[in-house]
Amino acid sequence: MERVNLFFLHGFLGRPTDWAQVKAHLPQTEGLRIYTPDYFKDLSLGPSNSFESWADNFIKWVETHGSAADRNILVGYSLGGRLALHALEKKPALFYRVILISTNPGFNDVHESFDPISEERRQRWMNDSYWAEEFLKAPWDMVLRNWNAQPVFGGGEAEPLRAEREYSRETLSLALTQWSLAQQKNMRGLIGKQIQKLIWLVGERDEKFVEMSKRIEDEVNGFQFEVVPSSSHRVLFDSPKDLGERIRQLVQKLL
């Protein structure tokens with residue numbers, strides 16, 4: 001029997017439990033399997049991997065959890081969305097749909113890969129290196145407060161409590177540099193090739209990502225995005241019911 005497999009990838013500082021309220025709105029049926037890998041704790045999926053090797057390992061992980069007859073839907077939020085793009089690039093045939101929430105496709109520079117000469121990339125590298133040092137050494141409450149105070153997170157509900165004991169600070173620090181946007185290539189070419197598979201969601205109050213999505217519309221032929229009402233960058237915390245309903249409608253067409 002054909003199954004539908006849902007794979008959820010959380011964001012930076014995320015936990016598999018972040019998806020609990022979204023999952024509560026999905027159908028309870030044998031035909032649907034839901035996976036929420038903890039890629040900060042699973043060593044094969046951790047930030048000791050580059051984007052490329054992470055995608056290789058994640059493809060193997062997906063293939064061990066399903067069969068060739070299954071329909072796989074990949075859902076990625078923020079950093080999880082950027083990782084999802086690399087998995088899609090590595091093996092597009094494996095995924096029926098990819099839902100990307102608050103996802104950055106990378107810098108739109110001429111070069112397809114890391115270009116240290118690009119001023120945007122250089123600034124991002126310095127910024128991510130600063131945060132990597134903070135997450136490694138600064139008092140936890142202070143670094144968390146400063147992280148959440150960044151403009152990109154403005155207008156949102158509070159993120160769930162993040163206790164220091166739940167994390168390896170070395171792993172968080174490594175993720176910020178290894179998976180820095182400065183290290184990510186421009187994925188607009190991939191978006192154009194896989195346009196039929198992509199569902200692109202941004203929060204209404206996430207001004208930076210709404211503007212970015214409008215620019216992608218101009219840059220990538222056929223690209224469309226959906227705005228989730230009353231949501232900030234942190235869509236899955238602000239609008240879990242809305243997000244769950246959107247995924248449910250997609251899943252029920254397949255069951």
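The values are calculated or read from the model by the stated rules, or taken from the named source; none is laboratory data. Keep in mind the model is a prediction, meaning the values are calculated, not measured. Don't worry about glycine lacking a Cβ; one is built from the backbone with ideal geometry, like all the others, and counts go over all protein chains shown. These accessible areas exclude ligands, DNA and RNA; they are computed on the full protein's heavy atoms, side chains included. Shrake-Rupley method; radii C 1.70, N 1.55, O 1.52, S 1.80 Å.
Could you please find all residues in region 211-225 being within 16 Å of the chain's Cα centre (by Cα) and either over 21 Å from residue 109 (Cα atoms) or among the β-branched types (Val, Ile, Thr) (or both)?
Within region 211-225, the subset within 16 Å of the chain's Cα centre (by Cα) is 212-213, 225.
Hit for region 211-225 is 225, nothing else.
For residue 19, work out the one condition from (1) part of a loop (DSSP other than H, G, I, E, B); (2) aromatic (Phe, Trp, Tyr); (3) under 28 Å from residue 241 (Cβ atoms) it doesn't fulfil.
The failed condition is (1).
Could you check region 41-71 and list, in sequence order, the residues that are among the aromatic types (Phe, Trp, Tyr) and open to solvent by 30 Å² or more (accessible area, probe 1.4 Å)?
Of the residues in region 41-71, the ones among the aromatic types (Phe, Trp, Tyr) are 51, 54, 58, 61.
Hit for region 41-71 is 61, nothing else.
Which residue pairs have Cβ atoms under 9 Å apart, sit 6 or more places apart or on different chains, and have a first residue in region 11-23 that is at positive phi and a second that is among the acidic types (Asp, Glu) and part of a loop (DSSP other than H, G, I, E, B)?
Listed pairs, sorted by first residue: 13/159.
Under 7 Å between Cβ atoms, at least 6 apart or on separate chains: pull out the pairs that start in region 92-107 with a residue that is at positive phi and part of a loop (DSSP other than H, G, I, E, B) and end on any residue that is open to solvent by 10 Å² or more (accessible area, probe 1.4 Å) and modelled with pLDDT of 95 or more.
Hits for this filter: 102/77; 102/78; 102/209.
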